[in-house]
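Working notes, beginning with the structure itself.
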Amino acid sequence: MELAYYSDYAVRLVNTEEPARAKDALTSVEAVRELFGANQQAARRTTEADVTRFRAVRARLRAVFEAADGGDETLAVDLLNSLLLEFPVSPQISGHDVRDEDGRPDWHMHLADHPSNATAGYAAIAAMGLAFHLTEHGVDRLGLCEASPCRNAYLDTSTNRSRRYCSDRCATRANVAAYRARKREEAERTGRSAEAAQAATADTER
């Protein structure tokens, strides 16, 4: 499993909450287990205590995205470093049973999962994945959706660093809102121009 894959762990956790809408999907053990995806072995370790612990890690990960989105690279790195220190990982070279065309193992880096609890395991993977993405692509590749009130986290993988929204849905909604705003402005300008023309005509007639 490539290290880049693990960065999605951070995004998935951060986006379980929508602060502007006062929505929180992280309310049960089942919700926490769903975050692990196919890693069912890690999910089985989840207990009620992990719900609260996951929320605490989520707040710290969101703070990293907020700092990056606000242009404070140093703060983003400092916040992420504190997570890496608290939740260390054990990298291992893994080949599993995958073979290349020559019959050799497909060697790749894997983050070993030997934590004391489910939160520690998930936090270690999420922080390491996010750190890899940050150092490989830059702090400005960590963003928060500009489609208010969304503010979901995303990782910008575009070639020209142009991503501004977490999804196509939010991008479409923002574009429609911008289009309507432009139409209102045009209508207001047209109305003001018509009023000015009428006033000028009236002055001339007098």
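Some notes on this structure:
- Centre-to-centre, using Cα atoms only, the stretch 2-74 and the stretch 137-157 are separated by 15 Å.
- Volume of the Cα convex hull of the stretch 46-168, divided per residue and given in Å³: 154 Å³
- Cβ-derived FRET efficiency at R0 41 Å, ARG180 paired with ALA49, nearest 0.05: 0.30
- Applying 0.36 nm per residue to the separation of ASN39 and THR190 and subtracting their alpha-carbon distance, the gain on full extension is 48.4 nm.
- Between ASP140 and ASP8, the contour length at 0.36 nm per residue exceeds the alpha carbon distance by 45.9 nm.
- Loop-located trypsin sites (Lys or Arg not before Pro) across the stretch 31-111 with a Cβ neighbour count of 15 or fewer within 10 Å are ARG44, with loop assigned by DSSP.
- Magnitude of the charge dipole, the stretch 111-164, Cβ model with Lys/Arg +1 and Asp/Glu -1, debye to 20: 200 debye
- Accessible surface, per residue, of the stretch 102-157 when the full set of protein chains is kept, probe 1.4 Å, Å²: 42 Å²
The values are calculated or read from the model by the stated rules, or taken from the named source; none is laboratory data. As the structure is a computational prediction, the values presented were derived from the model and not from experiment. Because the Cβ atoms are built from the backbone with ideal geometry, glycine has one as well, and the counts that use them run over all protein chains shown. Side chains are part of the model used for accessible areas, which takes the heavy atoms of the whole protein and leaves out ligands, DNA and RNA. Shrake-Rupley method; radii C 1.70, N 1.55, O 1.52, S 1.80 Å.
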